[in-house]
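First the structure, in the form of structure tokens, and then the observations on it.
The values are calculated or read from the model by the stated rules, or taken from the named source; none is laboratory data. Since the structure is predicted, the reported quantities are computational estimates derived from the model, not experimental observations. Counting neighbours? That spans all protein chains shown, and the Cβs are built from the backbone with ideal geometry, glycine included.
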Amino acid sequence: MQPLLSQACWDTLYMVGWSTVIAVVGGLPLGILLVLTERGGLLQNVVANKVIGQIVNIARSMPFIILMVALMGFTRWVTGTTIGRDAAIVPLAIGAIPFFARLVETAVREVDGGLVEAVQSMGGNTWTVVRKVLVPEALPSLIASTTTTVVALIGYTAMAGTVGAGGLGDIAIRYGYQRFETDLMWITVAILAVVISLIQFAGDLAARSLHRRGNRSGAAPRLRLLKASAPTTGTVQTTTE
């Protein structure tokens, strides 16, 4: 069973890895847009904010197993099949994007508004605020959010195994449940527990490291750095540190 378990571990990591990349690429701008378009945001647009928010809420409220079945036609159109690890990436990524977007929204909202006002007073536009303030300042929380998303995706891959996606979930269902091989079932559970623990440890370590580095640097040096890199238009308003 060792080659079978090794291949299943690789399939699980493959699905989770690509799904995470797509979720981050799609969810990060979506979460930032939710913050920018809210009432009082830099791109305030209440109608757009409500529409985007409702779409995200509807996508998040759908159980993954139902979402996977509902997207079979789209999955076949994208990958040419509905079975296998490549096909599983499609519903995994689509299900993770709104989940990650809400985590990004929460993380970005925690950024100190004084830094945003400082960049604006220096002539920085919305893109400058996002690139120089919102993303860098929220980076520790964003890493923690990514870790949470990865852990959730590992759980989703187990459900994807029920429809032939492969991975450890498929091994647990086909051999541990259908063939009553209880030992193999517990082995897959142990492997998943170890993988999740390692991912959580690495994510927490990275987030804490960035958080400590940010606390040591303080707000004043960050403001000076932003002042040096921010574009200026005409007279720059002096900010107090």
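Values for this structure:
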{"read-out": "Which numbered condition residue 151 misses (of (1) surrounded by fewer than 19 Cβ atoms within 10 Å (Cβ to Cβ); (2) at pLDDT 90 or above; (3) over 30 Å from residue 4 (Cβ atoms))", "value": "(3)"}
{"read-out": "Meets criteria (without any contact (Cβ under 8 Å) to a residue 12 or more places away in the chain and aliphatic (A, V, I, L, M)) for residue 58", "value": "yes"}
{"read-out": "Region 39-79, residues that are part of a loop (DSSP other than H, G, I, E, B) and more than 21 Å from the chain's Cα centre (by Cα)", "value": "39, 40, 41, 42, 43, 44, 45"}
{"read-out": "Filter result for residue 17 (surrounded by 17 or more Cβ atoms within 10 Å (Cβ to Cβ) and out of contact with any Gly (no Cβ under 8 Å at 6 or more places or on another chain))", "value": "no"}
{"read-out": "Cross-chain or 6+ apart pairs with Cβ under 7 Å, region 74-102 first and touching a residue at least 12 places away in the same chain (Cβ under 8 Å) and among the hydroxyl-bearing types (Ser, Thr, Tyr), then buried (at least 23 other Cβ atoms within 10 Å of the Cβ) and part of a helix (DSSP H, G or I)", "value": "75/87; 75/91"}
{"read-out": "Subset of region 41-55 that is without any contact (Cβ under 8 Å) to a residue 60 or more places away in the chain, closer than 23 Å to residue 129 by Cα and hydrophobic (A, V, I, L, M, F, W, C) - its residue that is surrounded by the most Cβ atoms within 10 Å (Cβ to Cβ)", "value": "52"}
{"read-out": "Subset of region 16-38 that is assigned to a helix (DSSP H, G or I) and hydroxyl-bearing (Ser, Thr, Tyr) - its residue that is farthest from residue 144 (Cα to Cα)", "value": "19"}
